[in-house]
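Some notes on the structure that comes next.
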Amino acid sequence: MDSRTLKSAFRLAALACVALLSVAASAQSSSQASGQSDTLSKWDIFAGYSYLAPKATVNTLTSNGTTLPFVYRSVDWGSILSVARYFNKYVGVEAIGDEHIVNEGPGSGSTYSNSNFSGGSGGVIFRFPSGDFIPFLHGLAGAEYADGPSLQKDKWGPALTAGGGADYNTPLFNHHLAIRVFQADYQYIHENWGPGVNGGRANINAARLSTGFVYHIGSIAPPTPITMACSASPSTVYPGDPVALTGNAGGLDPKLNTVYAWSGNGVTGSGSTAKVDTTSLAPGTYTVKCGAKQGKTGKEGLKPWQNAEGSTTFTVKQFDPPTVSCVTNPSSVKPGEAATITATGVSPQNRPLTYTYSAAAGTINGTGNSATFNSTGAPTGPVAITCNVADDKGQTASANTEATVLAPPPPPGPSPEQVRLESRLALHSIFFPTDKPSKVNPEGGLLDSQKATLASLASDFKSYLQFKPDAHLILTGHTDPRGSAAYNMALSDRRVTAAKQFLVDQGIPASNIETTGVGEERQLSADDVKALVDQNPDLSDALKTRYMHNLSKIVLAQNRRVDVTLSTTGQQSVRLYPFNAADAMTLMDEKAPVRKATKKAK
């Protein structure tokens, strides 16, 4: 075979491979578009005619020292046999054996040709079914037993093969027989006959074209299509409520691995179930997509055969606000009493509720669905009370009730005996002689008329304490202006002390008597005394005129006294001088006047 013929053979093999790839791609697209799922063979046995066009020249050294080229020629007679085992509709393994023989003597001139080839290879095969027309590609590795230069035995050398072809299924033998329309392969063969005479090495590039018949054995049924459906429960929720997703894949092969996939807002999960976190989802309807794929798991990972998808929806509703009502029990209370406020809050979504309360007056305390209203400090009449409720989403509701604070009952009126005693407690001031009591005799200074007045006061006040146990007698001591301020202050203190002690001796508790001495600070003036004399019902006009001639003396006597005040009524003792008392003149006597003391005397 000359170089031109070899080049043509290579071109033919290359064009056949290009055409094969185009047909395979077209067939694959057509198969996918039409959803081809015909039953395919598990075993393919091919036998047929093969044409081999090798290209290589070996320059060998002869025994006389000359170089003799060894040229390979094309082989028109050859046979080929292959067996393919498919694992699915696309992929399998293949073993090929071929034999190419030609017996020719030495070539003309300086060439010698002996182009006998035989060998075997194995590798992977890919088919692309499209109805009855099935293109295929394969890649093989093996060895070839090739002729060598003169006087050398044939040698085995490694061989690599890449190519493809196309089969056409026939109805013969129930579609078990197919015609291999063509098979075009490229082969690379390396041979080494060693050094020396008639030795050499060759890198052989060969084109191999084959045709024949293919017999199908067994079948690979396409996998049953799987289905996928999913559901959401519950299908309607409020924000924050969980949604459970369930995927149901049908038509699964228990021998194969199944992988589930989920997608959607808030969706998490990788198995046949998943969930949705709706916490951050706004109200609306959402779609969840579910998928399943099934295939085999090997070293290369999952090789999916089939995929199925489905979808479902769920709805997130707008939160409904809570409602609340409240009542007061009892509805009316007396001042200072308490009432119970009961609030009833309802959340349509059963959200946790928080209660608060407020009152227009009084106080109210409580954090649950019950609170206590205290009416202390509240005015009489209805008091507005507000009950508030809030859920954990910030939605609120309020309700109003009221508690009526009753007017306090009028205080009970005084008993007749109390009225009688209060009328008898016509208080009179207690008058003292000049400079009495003294420091030497602080308990003296009370004359009989003044003791009688105090005794009568004590008797009536003890009875009055039975009605008013918190009543007090307030004693205020005074002096005339003679003497220093300090002296007069001490003198007024002795006078209230003497009056108090007398009352205590009469049985009045000391705790019910208050005393204070003011000395000469609150003097009655001459006009005040003249008015008191004019108002005295015990004096005749003649006596009033007579006493007015001694007004200065009367003014001094009038200021030597202890005034008495009843705390419960504020009634103060009248300051009428006891002109009719037997010892009135003693009270009025100015003997032993107190002299003004110097600062050192203080």
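Computed from the coordinates by the stated procedures, all read-outs in this text should not be read as laboratory data. From a predicted model like this one, the values you see are computed outputs, not experimental measurements. FYI the Cβ positions are ideal-geometry reconstructions off the backbone, even for glycines, and counts take in every protein chain you see.
Residue-wise HN-Hα couplings along the range 357-369, as the Karplus relation 6.51 cos²θ - 1.76 cosθ + 1.60 with θ = phi - 60° gives them from phi, are 9, 8, 10, 5, 8, x, 9, 9, 9, x, 10, x, 8 Hz; Gly and Pro carry x. Counting every other Cβ atom within 10 Å of each residue's Cβ, Val440, Val267 order from fewest to most as Val440, Val267. This ranking places Leu68, Leu245, Leu160 by how few other beta-carbon atoms lie within 10 Å of each, fewest first, which gives Leu160, Leu68, Leu245. Between Thr287 and Ile45, the simple spin-label model (points 7 angstrom out along Cα→Cβ) gives 5.4 nm. Taking a point 7 Å out from the Cα of Gln318 in the direction of its Cβ, the residues of the range 263-297 whose backbone N falls within less than 11 Å of it are 283-284. In percent, rounded to a whole number, the relative contact order of the range 227-316 is 35, using alpha-carbon pairs under 8 Å and six or more apart.
The calculated FRET efficiency for the pair Ala141 and Thr224, based on their C-beta separation and a Förster distance of 41 Å, comes to about 0.65. Subtracting the Cα-Cα distance of Ala244 and Asn441 from 0.36 nm times their residue separation leaves 60.4 nm of extension gain.
Extension gain, Thr57-Ala584: 0.36 nm per intervening residue step, less the Cα-Cα distance, totals 172.1 nm. From least to most packed, judged by other beta carbons within 10 angstrom and beginning with the fewest, Val124, Val529 follow the order Val124, Val529. Across all directions, the shadow cast by the convex hull of the range 416-588 built on its C-alpha atoms averages 9.9 square nanometres.
If R0 is 30 Å, the Cβ-Cβ spacing of Asp541 and Gln571 corresponds to a FRET efficiency of close to 0.55.
As a calculated quantity, the FRET efficiency between Gln466 and Asn550 at R0 = 45 Å, using C-beta atoms, amounts to about 0.50.
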